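Remarks on the structure that follows.
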Amino acid sequence: MFSQIALATARQLRAGTTLVVRTAVAASTSLTTRSAAPSFLRRSRVIFQQRGYASTRSKKSAAESDDTAATATETNKTPSAAAKSKKSAAERATGAGARAKKPRAKKAAPKKKKASKKTAPLTEEAKLKLRIRLLKQRALLKEEPHSHRVVAWSAYVSEHMKDVLKEGDDTQTRRGYFKKLAAQWKELSVAEQAQYQAKASKIYQDGLAARAAWVLSKTPMEIKAANYARRALKRLGVISTVHAIPDDRRPKGQKSAFVLFSMARQKDSTFAGMRKTEVVKILAKEWKSMDDAAKQPYFDNAAADRERYQSERAATAATYAAA
């Protein structure tokens with residue numbers, strides 16, 4: 001190594017300058033190793049410097065070597081201290097992370113489904129009761145306003161009964177009230193009775209107006225279903241009479257060929273004064289005896305009436321479906 005240094009620095013030495021040569025000798029190398037350099041280099045102005053210190057022929061070389069040895073000792077200890085500091089930092093991070101983690105919530109056990117109760121099949125009587133209840137709801141019996149005709153005597157009784165009737169009166173007492181009112185009614189003049197007749201007419205007209213307003217509050221489909229339910233209740237014997245709800249919005253029903261034939265024939269004067277049942281029997285026999293050519297005009301009119309009914313029904317359904 002020293003021979004290479006000498007060859008590389010010959011020109012510098014001839015110029016009489018001081019050359020500083022840095023060697024690769026470790027810091028722990030002793031001073032005796034430096035004396036192994038060639039004599040011609042030691043006599044020249046060459047100063048050798050090793051890692052971490054500079055070696056010269058001055059009096060400070062020993063102190064500098066001691067400082068260099070202490071520095072090397074600290075450098076050797078640094079990796080272990082850094083490793084310890086990293087380890088402690090990792091431990092602190094691990095501990096903080098462990099403290100920050102929340103315990104996982106335990107999954108709730110799935111709830112057991114309750115066993116559905118098996119319902120016994122309905123009996124025929126229970127089915128009939130259920131059907132009657134549904135028909136009553138659809139028939140709108142309780143919702144429909146009353147529009148019965150009122151006579152003058154009824155108007156007079158309803159006006160004066162409020163003054164004499166008391167709570168807790170039995171049937172015999174109420175009959176006594178009616179007898180007294182009947183006697184007073186007979187004593188009224190014709191003009192006074194006419195006034196109550198006008199009041200009765202007004203009550204009846206108000207009832208019709210209320211009923212018409214109630215009908216308009218329902219759709220034609222609901223009115224049709226209510227009339228059907230009322231007829232069904234009549235067949236089941238729940239109600240004695242059927243009061244169909246009038247509704248002009250609903251299209252008129254289609255007529256069959258026989259109905260059109262009966263309507264045309266009933267205008268004949270030969271059936272005047274006869275019962276309807278007898279007239280229908282006579283017309284049925286006449287219809288059966290007719291040939292196809294004679295029936296064809298009535299079938300054509302029935303087909304046209306069927307188209308009219310279907311178109312009006314579709315228009316009515318579309319109108320109230322959009323509303």
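The values are calculated or read from the model by the stated rules, or taken from the named source; none is laboratory data. Keep in mind it's a predicted model, so treat the numbers as computed, not measured. Quick reminder, even Gly has a Cβ in these numbers, built from the backbone with ideal geometry, and neighbours come from all protein chains shown. Please note that ligands, DNA and RNA were not included when accessible areas were found on the heavy atoms of the full protein model with its side chains. Shrake-Rupley method; radii C 1.70, N 1.55, O 1.52, S 1.80 Å.
Annotations for the structure displayed:
- Residue match in region 148-168 (condition: in contact with a Gly (Cβ under 8 Å, 6 or more places away or on another chain), closer than 28 Å to Ala244 by Cα and of a type outside the set (A, V, I, L, M)): yes
- Verdict on Lys166 being over 24 Å from Gln205 (Cβ atoms) and at pLDDT below 85: yes
- Test: residue in region 140-152 that is open to solvent by less than 100 Å² (accessible area, probe 1.4 Å), over 55 Å from the mean Cα position of the chain (by Cα), modelled with pLDDT under 85 and of a type in the set (Ser, Thr, Tyr): no
The rows are residues; the columns are (1) under 30 Å from Ala139 (Cα atoms); (2) surrounded by 14 or more Cβ atoms within 10 Å (Cβ to Cβ); (3) modelled with pLDDT under 90.
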| position | (1), (2), (3) |
| --- | --- |
| Trp214 | yes, yes, no |
| Ser217 | yes, no, no |
| Ala229 | yes, yes, no |
| Ala232 | yes, yes, no |
| Arg235 | yes, no, no |
| Asp248 | yes, no, yes |
| Lys252 | yes, no, yes |
| Phe258 | no, yes, no |
| Leu283 | no, yes, no |
